[in-house]
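The values are calculated or read from the model by the stated rules, or taken from the named source; none is laboratory data. Because the structure is a prediction, the values reported are computed rather than measured. With ideal geometry, Cβ positions are generated from the backbone for all residues, glycine too; neighbour counts draw on all protein chains shown.
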Amino acid sequence: MSEKLDKKILKKIPNKIIPLKIFDKNIINFLDELSKKIFLISDKLKKYPDLISFAFWCRKKNILKFSNFYKSSGYRLGRGRVLHITPSNVPVNFAFSLAFGLLSGNYNIVRLPTTNFEQTKYITQIIYKCLKKKKFKKIRPLIKFIKYERNINISKKLSSEVEARIIWGGDSTVELFKSFKTKPRCTDLFFPDRNSCSIINLEKFNKLKDDIINSLLLKFYNDIYTMDQNACSSPKLIFFLTKKKENIYLFWKKFQTVVDRNYDFDLSIVNQKILNLSKNILKFSKKNNFFFDNFNLARIEIKKKFNLENLNDFNSGFFFEKKINHLSEISDFIDSKTQTITYYGVNKKNILNTIEEKGVLGIDRIVPIGQAFDITPTWDGYDTILHLSRVVKNN
């Protein structure tokens with residue numbers, strides 16, 4: 001990147017801004033307007049469920065529901081300028097990050113994904129259109145989008161100027177930004193590599209009527225294939241609570257039908273799956289079974305405990321599966337890297353009890369299957385609104 005372009009990006013940082021109160025009414029109305037504009041083009045964007053999910057999230061009714069939680073949190077103002085470094089492989093993440101920054105009353109510098117996603121393009125275009133409206137004039141200075149390839153000098157300079165940072169990305173990205181000097185009171189939220197899992201009680205699953213089974217499988221599909229398993233909340237490790245191993249085979253057979261009906265075949269992704277499996281095959285015990293039943297669905301059956309800490313190479317319908325007889329067995333396979341548990345047919349309280357009794361360091365979310373992407377201001381165990389704002393005492 002040229003020095004001229006470096007300076008152009010860095011000039012976008014204002015020296016002075018006026019923080020807002022959290023959940024400012026104008027911000028809520030802006031997000032609601034953004035939601036409505038996205039819905040207007042939803043017929044053209046059916047292949048982007050993540051974009052539609054963001055539109056639902058931005059609705060005024062939903063934001064007000066979140067705001068009720070903070071009514072007793074005191075008089076809170078934004079911290080100032082927030083730098084958002086968003087992942088390159090999740091198209092809509094930047095929009096949620098921006099929303100967190102706005103709702104907590106801040107000015108936002110958002111680095112867009114370097115990958116040219118259609119969803120990113122649509123959202124940014126709609127945001128610019130909304131900002132042109134007179135009623136959102138005061139919001140215009142609060143949003144700055146930037147885009148640049150990996151450039152340490154730019155990232156270092158941006159980090160030194162802001163009052164808060166939200167860093168989404170891999171462990172290497174987090175470590176890099178931790179090395180940069182920041183202001184003494186700079187608040188950081190780091191979201192490094194995480195993995196997620198799902199628990200399915202097949203005894204209860206098999207007793208369901210066909211239409212309910214199909215609905216549940218579609219929810220399971222959306223949790224996984226919407227973002228090609230690139231999102232940290234997409235399950236990759238599946239625990240099957242069952243007495244009969246053949247029940248697992250029947251589950252995958254039914255799920256395969258849903259995948260074939262909804263997922264677009266991509267030969268390049270298939271080739272990458274085979275390459276990743278080949279690269280990592282020595283990591284797994286010989287006692288584990290490998291299944292490549294279909295180009296869109298690959299599985300590794302786990303028979304003994306081993307390190308599942310880093311599953312980043314496995315996506316686009318790549319699963320680790322484990323048959324369990326008791327819920328307590330999951331503690332052998334989850335660690336501090338595990339973020340979300342989605343579940344069906346098990347009691348949420350029993351999952352919580354297992355986490356508590358076994359002293360599990362991971363798990364920040366426990367939600368039913370179909371809600372893996374239901375983002376709230378609390379994510380990865382952090383309350384973004386509280387972290388990105390400050391209490392002003394007036395007594």
- Out of Tyr75, Tyr48, which single residue is out of contact with any Lys or Arg (no Cβ under 9 Å at 6 or more places or on another chain) and in the same structural domain as Ile28 (by TED's automatic domain parsing)? Tyr48
- Failed condition for Ser97, given (1) free of Cβ contacts under 8 Å to residues at least 60 places away in the same chain; (2) under 21 Å from Ala372 (Cβ atoms): (1)
- Identify the residue in region 62-82 that is in contact (Cβ under 8 Å) with a residue 24 or more places away in the chain and assigned to a helix (DSSP H, G or I) and, among all such residues, is surrounded by the most Cβ atoms within 10 Å (Cβ to Cβ). Ile63
- Item | Hits in region 186-207 (condition: outside any helix (DSSP H, G or I), more than 23 Å from the chain's Cα centre (by Cα) and at pLDDT 95 or above) | Cys186, Asn201
- Message: Ser172 - would you say it is surrounded by fewer than 21 Cβ atoms within 10 Å (Cβ to Cβ), part of a helix (DSSP H, G or I) and at pLDDT below 95?
- Response: yes
- Which of the residues that make up region 349-366 are under 21 Å from the mean Cα position of the chain (by Cα) and modelled with pLDDT of 90 or more? Arg365, Ile366
- Note on the structure: Checking Ser215, Ser234 in turn, the sole residue that is polar (S, T, N, Q) and free of Cβ contacts under 8 Å to residues at least 40 places away in the same chain turns out to be Ser215
- Counting residues that are within 16 Å of Pro235 (Cβ to Cβ) and among the hydroxyl-bearing types (Ser, Thr, Tyr), which strands (runs of 3 or more DSSP E) fully inside region 313-395 reach at least 3? 338-344
- Within region 51-61, is there a residue that is in contact with a helix residue (DSSP H, G or I) (Cβ under 9 Å, 6 or more places away or on another chain), of a type in the set (A, V, I, L, M) and not in a helix (DSSP H, G or I)? no
- Restricting attention to region 130-160, and to residues there that are in contact with a Lys or Arg (Cβ under 7 Å, 6 or more places away or on another chain) and assigned to a helix (DSSP H, G or I), which single residue is surrounded by the fewest Cβ atoms within 10 Å (Cβ to Cβ)? Ser160
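In region 1-34, how many residues are among the β-branched types (Val, Ile, Thr), modelled with pLDDT of 90 or more and part of a helix (DSSP H, G or I)? Explain how you work it out, then say what you get.
Of all residues in region 1-34, those among the β-branched types (Val, Ile, Thr) come to 9, 13, 17-18, 22, 27-28.
Then keep just the ones that are modelled with pLDDT of 90 or more; that gives 22, 27-28.
Right, trim to part of a helix (DSSP H, G or I) and you get 27-28.
Within region 1-34, residues that are among the β-branched types (Val, Ile, Thr), modelled with pLDDT of 90 or more and part of a helix (DSSP H, G or I) number 2.
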- Report, by residue number, each residue of region 208-228 that is buried (at least 21 other Cβ atoms within 10 Å of the Cβ) and part of a loop (DSSP other than H, G, I, E, B). Met227
- Pick out the one residue from Ile167, Ile109, Ile126 that is under 27 Å from Thr226 (Cβ atoms), touching a residue at least 12 places away in the same chain (Cβ under 8 Å), touching a strand residue (DSSP E or B) at 6+ places or on another chain (Cβ under 6 Å) and buried (at least 18 other Cβ atoms within 10 Å of the Cβ). Ile167
- Item | Condition broken by Asn247, with the remaining ones in (1) of a type outside the set (Phe, Trp, Tyr); (2) part of a loop (DSSP other than H, G, I, E, B); (3) at pLDDT 90 or above satisfied | (2)
